[in-house]
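The values are calculated or read from the model by the stated rules, or taken from the named source; none is laboratory data. Everything numeric in this text was worked out from a predicted model, so none of it was measured. Reconstructed Cβ throughout: ideal geometry from the backbone, glycine too, with neighbour counts over all protein chains shown. All accessible areas refer to the heavy atoms of the entire protein, side chains included, with ligands and DNA or RNA removed. Shrake-Rupley method; radii C 1.70, N 1.55, O 1.52, S 1.80 Å.
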Amino acid sequence: MTQWSGYLGLILQGALVTIELTLMGSVLALIMAFLAGIGRVSRFSIVRALATIYIEFFRGTSIFVQLFWAYFVLPFVGLSLTPLLAGVLALGLNVGAYAAEVVRGAILSIGREQYEACTALNLGRWQGMRHVILPQALLVMLPTFGNNAIELLKATSVVSLISLADLTFQAQVVRSQTGSTLMPFVSVLVIYFVLALIISWGVRSLERRMARGLDGVRV
Amino acid sequence: MPAPIIKVDAISKSFGTFKVLDGLSMQVMPGEKLALIGPSGSGKTTILRILMTLEKIDGGHIQIDGEQLYHMERNGRLLPADERHLAKMRQKIGMVFQLFNLFPHKCVMDNVTLAPMLTKGVARAAAEKRAMQLLDMVGLADKAKAMPAQLSGGQKQRVAIARALALSPKIMLFDEVTSALDPELVEEVLNVMRKLAAETDMTMLLVTHEMGFAHDFADRVLFFDRGRIVEEGKPDEIFRHPKQERTQGFLKKIIAAGHRV
Ligand SMILES: Nc1ncnc2c1ncn2[C@@H]1O[C@H](COP(=O)(O)OP(=O)(O)OP(=O)(O)O)[C@@H](O)[C@H]1O
Ligand SMILES: [Mg+2]
């Protein structure tokens, strides 16, 4: 029994790493999503082009390859990252590319009349974006952001390939040390599932909070 | 005689191959109240949108308050206006839309104070004080904290008027501001407009299908048809003694449709 609790401890340590990766990766993904998503609707063609290249590149190559590059190739250009940072970088850039399209779509979903009201009130392009368009677009983005965050959580398991001791990695360790397959794999299944539930629940309550009082939006 | 505050000189505007405005010219004097009437598709909305810089022109010139709207004078030459010039010119003009276009995520007070704070650097306290005066003027002082979704159409439109006024424009454009409203809410908005006309010396251009209101409100009525001004004159001349056949036909149709003149 005490042995099991020791192994459970290992798994929970892995869970902490997974949570850490998910949180940090999500922050980076969010930053990249807004940079590239807003860049996609910029009036400067060079900014649009850069944003498009980023998005297409990171959606068009696999997260494995991106992670290997972050961890094994970057050192050749003098940038050595810890496994954790390499994981955050690959996950954040990868999911950020998907989420950037969400940001762009949400911005474009805001009606022309809102942009025209901004012009009639003489708000600058960025002022209108920041105070009028983005706050409304955020509500459109949130549900999909929730999905993106869950995708990111599930993708964190790739870091076990660069020997970062995340949840999946620890499950393998426990399995090889105990010979038991059921216990470690049932535990990680439950933990991933609970983490995903927490994300959906968090996003949904955020959505409800933000939707309060808005036109035509479920409260 | 003072100079005109709006001088439209032979402007044209097409959407695709469809010519909406065809060499349109008109002048508006400071403080004048103008009603633009005419059949659907005659270009009334388009000319207001052009004055608000929401639509570009294909040819011609517009002067607002003695300055070119779509052009900048540089060393005696006229260049296309850049964003900075347009922003400067927009300070003189405000617009109220048919569908209000309030910011749904901001309360009434924030709808009114946002632009003065951002574009004129007015401090929040001063902006809110002025907003309260304006909301009081449109009869909505008690709704300052309400969200747009909690207001009736008539209330939304009155907020939209207060929001445009908060920037103290010299010229106000109103595009069918009552046509999206339930009939019983029309009057409360028209009352605000009457008050504005009586109490301020703003120049006001109003596109409307409310002929009775246009008659009482306007100093001058312009009848639009197919992108041109077919006839203009004092309300009595246009509504009682229209000279042009097309004006007569239009007014007959409007009266037949049950509008009061
Ligand atoms: N963005 C656009 N693209 C294409 N056609 C347009 C556009 N905006 C307006 N039009 C067309 O231009 C013509 C003039 O439109 P405008 O809205 O100025 O008419 P209006 O006099 O305001 O009519 P109404 O009384 O119906 O509001 C119409 O035939 C309209 O279909
Ligand atoms: Mg119109």
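In whole Hz and in residue order, list the ³J(HN,Hα) couplings for region A:28-37 that follow from phi through the Karplus curve 6.51 cos²θ - 1.76 cosθ + 1.60, θ = phi - 60°; x for Gly and Pro.
3J(HN,Hα) across region A:28-37, in whole Hz: 5, 4, 5, 4, 5, 4, 6, 4, 6, x.
Name all residues of region B:136-161 having a backbone nitrogen under 16 Å from the label point set 7 Å from the Cα of B:ARG194 along its Cα→Cβ direction, giving them as ranges.
The answer is B:138-139, whose backbone nitrogens lie closer than 16 Å to the label point.
Would you mind getting the accessible area per residue of region B:101-168, heavy atoms of the protein chains only, 1.4 Å probe, in Å²?
Per-residue accessible area for region B:101-168 comes out at 37 Å².
Where does chain A land at 222 nm, in deg cm²/dmol rounded to the nearest 500, when only DSSP H runs of n ≥ 4 count, each adding -39500 (n - 2.57), divided by all residues?
-25500 deg cm²/dmol
How do B:119-131, A:21-33 rank on mean C-beta neighbours within 10 Å, highest first?
In descending order of packing, they fall as A:21-33, B:119-131.
Counting partner chain Cβ atoms within 10 Å of every residue's Cβ in A:133-142, what's the average?
Rounded to a whole number, the mean comes out at 1.
What distance in nm separates the two pseudo spin-label positions at A:THR82 and B:LEU86, each 7 Å out from Cα along the beta-carbon direction?
4.9 nm
Name the residues of region B:129-173 whose amide N is less than 13 Å from a point 7 angstrom out from the Cα of B:ALA123 along the C-beta direction?
B:129
Mean residue ellipticity at 222 nm from the helices of chain B, using -39,500 (n - 2.57) per DSSP H segment of n ≥ 4 over the full residue count, to the nearest 500 deg cm²/dmol?
Result for chain B: -11500 deg cm²/dmol, rounded to the nearest 500.
Using the Karplus curve 6.51 cos²θ - 1.76 cosθ + 1.60 with θ = phi - 60°, work out ³J(HN,Hα) for each residue of region B:9-26 in order, rounded to whole Hz, and write x for Gly and Pro.
Along region B:9-26, the couplings run 10, 6, 8, 10, 8, 10, 10, x, 9, 8, 7, 7, 10, 10, x, 6, 10, 6 Hz.
If R₀ is 41 angstrom, what is the calculated FRET efficiency for the pair B:GLN150 and B:PHE18, using the beta carbon separation as r and rounding to 0.05?
Efficiency for this residue pair is about 0.55.
I'd like the Karplus ³J(HN,Hα) series for region B:59-66: coefficients 6.51, -1.76, 1.60, θ = phi - 60°, whole numbers in Hz, and an x wherever there's a Gly or Pro.
x, x, 9, 10, 10, 10, 6, x
Kindly rank B:28-36, A:93-101, B:196-204, A:197-205 from highest to lowest mean number of other beta carbons found within 10 Å of each residue.
Per-residue Cβ counts within 10 Å, averaged per peptide and sorted highest first, yield A:93-101, B:28-36, B:196-204, A:197-205.
In percent, how large is the relative contact order of region B:111-169, given Cα pairs closer than 8 Å and 6 or more residues apart?
47 percent
Averaged over its residues, how many other protein chain Cβ atoms are within 10 Å of peptide B:146-154's Cβ atoms?
Mean partner shielding for this stretch: 2.
If amide H atoms are built 1.01 Å from N in the plane of the peptide, which residues on other chains or at least 5 residues away come under 5 Å of the amide H of B:MET95?
Placed amide hydrogens put B:LEU173 under 5 Å from B:MET95.
Based on the Cβ-Cβ distance of B:GLU73 and A:ARG43, what FRET efficiency does E = 1/(1 + (r/R0)^6) give at R0 = 30 Å, to the nearest 0.05?
According to the calculation, E is roughly 0.75.
Given a Förster radius of 30 Å and the C-beta distance between B:ASP136 and B:MET29 as r, what FRET efficiency does 1/(1 + (r/R0)^6) yield to the nearest 0.05?
Efficiency for this residue pair is about 0.50.
Return the subset of B:LYS13/B:LYS234; B:LYS33/B:LYS234; B:LYS33/B:LYS195 for which the Cα-Cα distance in this structure is over 18 Å, preserving the input order.
B:LYS13/B:LYS234
For region B:101-168, what log10 I(q)/I(0) values come out of the Debye formula at q = 0.11, 0.12, 0.24, 0.26 1/Å, with one point per alpha carbon and no solvent?
-0.20, -0.24, -0.97, -1.14
Give me the summed buried accessible area for the B-A pair, 1.4 Å probe, to the nearest 100 Å².
2000 Å²
Pop out the carbon and sulfur fraction of the accessible area of the protein assembly as shown as a percent, whole number, probe 1.4 Å.
58 percent
Count, for each residue of B:103-114, the Cβ atoms from other chains sitting within 10 Å of its Cβ, then give me the mean as a whole number.
What the average comes to for B:103-114 is 4.
Specify whether the C-alpha gyration tensor of chain A places it in the rounded, prolate or oblate class, a ≥ b ≥ c being the square roots of the eigenvalues: rounded for a/c under 1.5, otherwise prolate if a/b is larger than b/c and oblate if not.
In terms of gyration-tensor shape, oblate.
Which net charge results when you count Lys and Arg as +1 and Asp and Glu as -1 among the other residues whose beta-carbon is under 9 Å from that of A:PRO143?
Result for the neighbourhood of A:PRO143: 0.
Solvent-accessible area per residue for region A:4-211 at a 1.4 Å probe radius, Å²?
50 Å²
Quick one: of the DSSP bridges fully inside chain B, what percent are antiparallel, nearest 5?
60 percent
Would you please put B:158-167, B:1-10 in order of how densely packed they are, using the mean number of other Cβ atoms within 10 angstrom per residue and starting with the highest?
Packing proxy ranking, top to bottom: B:158-167, B:1-10.
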